[in-house]
Every structure is written in structure tokens, then in C-alpha cells.
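Bear in mind that the values in this text are calculations on the coordinates, not laboratory data. Being a predicted model, the structure only gives us computed values, none of them experimental. Backbone-built Cβ (ideal geometry, glycine too); neighbour counts: all protein chains shown.
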């Protein structure tokens, strides 16, 4: 395959990836957020943006699971965590778990160190990285 054709194929693949992400993840999430707001619920949105040291992976689907559940030791063989600083992983896990626990307990994930904006339909979110 010629270099120019390969670039076209890569651009099409990247465009398809964005489209799939929008259709499968972002649009349904937006609909749910709007529906929850319409009921009068307080709604918070976050993006887990931690990047794997494995450059081929970036931030793959499910990368937040070891952080959410705090079971980082069970993921030691996972390529997505390979080469990461263990202290940083534990700190990020504690941050995410703390936010979830505060949300469950108080209905608000904010802490003294970090204020989470309430979702108001403008995609304002807290980025966890």
C-alpha cells in the first residue's frame, strides 16, 4: 500500500473511532444526564483521563476499574498498568474512591481539596488524571 493511501486509511480509522465513541458512549451518557437533571437530581460528570505508560494503549476502556475498586495488586500483569508508578496509582485510586464514597454518602463528590461542578448541560466535568 502506498504511503498516501495508508494515511487515508489511518484518517478513516481515526474518524470511525471518534464516531463509535460518540454513538456508543457519549450520546447515551448525555441523554441519561439530561434525564436525571429533568427529575431534579444533582448530577456530576467525570472523565478518567489517566494515560497508561504503554503508549499503544493510551486510556483504554475499563482503565478506571482497578482505581475504582482499589484492587491494583490484582492488575499487576495488566499491560495498561505496566511501568506505572505504584504510589501514583494508589493516590489516584484513593482520590477516585473518595469521590465515589462522598457521592454515595452525601450526594456530592466534592472534597475540601477538590470541588466538583454540578452538571448543567454544558459538559462541564471533573477530569481525574
Nearest-0.05 FRET efficiency for residue 114 and residue 42, computed from C-beta distance (R0 22 Å): 0.85
Gained length - residue 27 relative to residue 97, 0.36 nm times residue gap less alpha-carbon distance: 22.6 nm
